[in-house]
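Structure first, then comments.
The values are calculated or read from the model by the stated rules, or taken from the named source; none is laboratory data. Predicted, not measured: the structure shown is a model, and the values here were computed from it. Reconstructed Cβ throughout: ideal geometry from the backbone, glycine too, with neighbour counts over all protein chains shown.
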Amino acid sequence: MSTTEIDRQWTTRLRKRVAGKLPPEKLLPDTQPAYVASWIYVFGVTTLAALSIVIATGCILAIRGPEWWHGSYIGHFVNSLHLWSVEIFFFAMIVHLWGKFFMGAWRGGRTMTWMTGCVTFFASILAGFTGYVSQTNFDSQWISTQAKDGINATGGGAYFNVLNLGQMLMWHIVLLPIAAIALTAIHVILVRIKGVVPPYAEDSEIAQ
Amino acid sequence: MSKKAFRPDVDAPEWKGGHAPYDIIKEGTIAIVVVGLLTIILATFFGSPDEHAVTVRTWSNADPVDFAQTAISELNGTSTTASYGAPYNTAGDGQQLGPLKLAKWVGVRIPVNTVNDFIIKPLKSLPNEPTLDQNLATWTSASSAQQTTWVNNYSKAASKLTFSNGHVVVPSTNAGPVPVMIDDLTQMARSGALDQALVTGGGYYATDYTKPLLFLADSGYLANLADKQHLTGSQWGMMNETGQYPGQAWLWLYTFWYQVAPFNTSANADVQVWGLMMVLSVGLLLLPLIPGLRAIPRKVKVYRIIWREHYRS
C-alpha cells in the first residue's frame, strides 16, 4: 500500500486532524498562562467534579430502581448524596457562567465554547427537573402537576408529558445524561483547543 | 493590505506573557475529593425530603366530601381537567401568546375524557355490583340531555354533600343514577381500587400516571397540602420542595415572573412566561453575537477584579 493511499484513508485523516487540533500537550497541559490566577477558575472544575458525583450516585440509585430509596436507609442516603451533588453542581455551574460572562470568555474565537456551555446549562436544568418529577413522592406529584400547565401552554406538553413517570424517568436517566455528558465533553475539548481567554487588552495595547 | 481593526468585545489579545506550572490531573483529583466530602457532609447533616405520595385512597379517606365534589365536577365538566383543552380535550381554547394559540394548534395528543376515564370506566371495572350495574346501564342508555339534567340536579346539591356511615349523603334530588355512581366511586376510591383502575386503564404494566395525577390535581386536597408546605405558585411554586431544602433554586428567574405584573394577573401567564424565558435563553446563547450586550462585561469592568494580579503587573 502506498503512502499516498494511507494518507487518503479516513482514519489517517481523522487522526491527523485530531492531533493537529488537540495535541497531547493541549489536552493535558502542564503549564498555563500566568493570568489564570483567580478563585473564579475553581468553579469550572468544581462543576465537573460535582457532575461526576451526580452521575455516580445516580448509577447507584439505578441499580435497585426508582423506588428503592423510599424504603432503605442506604438508598435514602444515596438519594441525599445525589440531591446535594446536584445542588453543588448547579451552584458551581452558575458561578462559572457568571464568571465567564464577566471575563467576556467568548472573545478570541470562543463563541462555540460559550454556546456549548449555555446549552449544557439548559440541558442540566431539564435533567434536574425530570429528576424532581421522577422521585415518586409528593414533591414529584406537586411539581409535575404544576409544571404541566407551563409546558402545555406552549404545545410542548403534547409530546413531553411531565405526568408520565416512565417518560420522565427515561429522559432523566438516559437521554439527558447522555446529552449533558456529551455537551460537557465538547465544551471541555473546546476549552482545551482554544485555551483560557486572555484578559481584556488595555486601551494602550489596542492603540498599538 | 490594511490590518483588520481590533474589536475588543470579539477579539482577544495574543498572550505574550509567561506561563505557570499547572497539574490538571492533580487539580481534578482534588476537586473530586473536596466536592465528594462536601456532598457527604451535606447529605449526612441535611438528608433529603421524602414526603409520601398522595393517593386517591388517602385523599378520599381524609376528605370524602372533597373527593365526591371533585368527582361531580369531572362529571359536569367544570373541573380544571374537564375544561382544560389541549393536549387533553377540546373543552377549552387554552392559553395564547398574542395571536398564537400554540396548544390548540398542536391539538389533543393525550386524550382525557373525565366522564369516561375518571368515572364510568373505573365503575364498570367493579365486579359483582348489581345495583351499580343497573344504574350504569340507566346512565348509558339515557340521552345526553337527560344525563345533563341529572348531573345538573346533583351539582346543585353538591355544596350540601355530607359523609355519614361510610356513604356520601346528598339531599333529595332528581339525579337519576348519579348519586349511586358518586357514592360507589367514593367507596371504590376509599378502598384503593380507583388508584389502580386509573393507572392501569391501558393494560397490566403501566408507568403513565397522567390520569390519577390530573384527578388529584383537580381536588382541593392536594393544593391544601402544597399550601402547608409553601409550594403554591404565590409561594414561588415549583422551584421549592418540601421541608427546608433549596429545591430547584436555579429556576428562580422563571418563578420570579409569576410573582410580578403583568404575569401575576394574566390568564395567559404560563405561555407568556415561557415565551419570555425562551427569548432570554436565546439571548444568553447568542450573547457573543449581539453588539451592545457583549460589551457589558468590558464596560462594567468586573474583569479587573478577576484578573487583578495581571493588571497590577
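Odds and ends about this structure:
- The single condition among (1) modelled with pLDDT of 90 or more; (2) within 24 Å of A:Gly131 (Cβ to Cβ); (3) of a type in the set (Phe, Trp, Tyr) that B:Trp236 does not meet is (1).
- Of the helices (runs of 4 or more DSSP H) lying entirely inside the range B:222-313, those containing at least 3 residues that are at the interface with chain A (Cβ under 8 Å from one of its Cβ atoms), aliphatic (A, V, I, L, M) and within 23 Å of A:Ile125 (Cβ to Cβ) span B:269-285.
- Selection over the range B:43-90 of residues that are more than 22 Å from B:Asp183 (Cβ to Cβ) and of a type in the set (Gly, Ala, Ser) gives a count of 7.
- Residue count for the range A:87-123, restricted to those that are at the interface with chain B (Cβ under 8 Å from one of its Cβ atoms), in contact with a Phe, Trp or Tyr (Cβ under 9 Å, 6 or more places away or on another chain), farther than 15 Å from A:Val54 by Cα and of a type in the set (D, E, K, R): 1
- Boolean, B:Ala137 is in a helix (DSSP H, G or I), surrounded by fewer than 17 Cβ atoms within 10 Å (Cβ to Cβ) and of a type in the set (A, V, I, L, M, F, W, C): yes
- Scanning the range A:41-71 for residues that are within 11 Å of chain B (Cβ to nearest Cβ) and loosely packed, with under 14 Cβ neighbours inside 10 Å yields a total of 2.
- Only one of the listed residues (B:Leu225, B:Leu214, B:Leu253) is under 18 Å from B:Asp66 (Cβ atoms) and modelled with pLDDT under 95. That residue is B:Leu225.
- Residue within the range A:77-86 that is closer than 20 Å to A:Ala179 by Cβ and assigned to a loop (DSSP other than H, G, I, E, B) present: no
- Pairs with Cβ under 9 Å, 6+ apart, first in the range B:258-287 and at positive phi, second exposed (fewer than 15 other Cβ atoms within 10 Å of the Cβ): none
- When we screen A:Phe91, A:Phe121 for residues that are surrounded by fewer than 21 Cβ atoms within 10 Å (Cβ to Cβ), aromatic (Phe, Trp, Tyr), modelled with pLDDT of 95 or more and within 15 Å of the chain's Cα centre (by Cα), the only hit is A:Phe91.
- Conditions (1) more than 19 Å from B:Trp250 (Cα to Cα); (2) within 7 Å of chain B (Cβ to nearest Cβ); (3) not small (Gly, Ala, Ser): number failed by A:Trp84: (1)
- The one condition in (1) part of a helix (DSSP H, G or I); (2) of a type outside the set (D, E, K, R); (3) surrounded by fewer than 21 Cβ atoms within 10 Å (Cβ to Cβ) that A:Gly109 fails to fulfil: (1)
- Yes/no for A:Val162 being hydrophobic (A, V, I, L, M, F, W, C), within 20 Å of B:Met278 (Cβ to Cβ) and either facing chain B (nearest Cβ under 9 Å) or surrounded by 22 or more Cβ atoms within 10 Å (Cβ to Cβ) (or both): yes
- For B:Gln146: the one exception among (1) loosely packed, with under 15 Cβ neighbours inside 10 Å; (2) modelled with pLDDT under 90; (3) not aromatic (Phe, Trp, Tyr): (2)
- Test for B:Thr80: is it crowded, with 17+ Cβ neighbours inside 10 Å, touching a residue at least 12 places away in the same chain (Cβ under 8 Å) and touching a Ser or Thr at 6+ places or on another chain (Cβ under 7 Å): no
- Among the residues making up the range A:177-203, those that are in a helix (DSSP H, G or I) and farther than 18 Å from A:Val54 by Cβ are A:Ile186, A:Ile189, A:Leu190, A:Val191, A:Arg192, A:Ile193, A:Lys194, A:Asp203.
- Restricting the range B:17-48 to residues that are within 7 Å of another protein chain (Cβ to nearest Cβ) and among the hydroxyl-bearing types (Ser, Thr, Tyr), the residue that is surrounded by the most Cβ atoms within 10 Å (Cβ to Cβ): B:Thr39
- Counted residues, the range A:151-187 - those being of a type in the set (Val, Ile, Thr) and in contact (Cβ under 8 Å) with a residue 40 or more places away in the chain: 4
- Selection status of A:Gly128, free of Cβ contacts under 8 Å to residues at least 24 places away in the same chain, in a helix (DSSP H, G or I), over 30 Å from B:Ala295 (Cα atoms) and facing chain B (nearest Cβ under 9 Å): no
- A:Val197 vs. criteria more than 30 Å from B:Ala86 (Cβ to Cβ), facing chain B (nearest Cβ under 10 Å) and crowded, with 22+ Cβ neighbours inside 10 Å: yes
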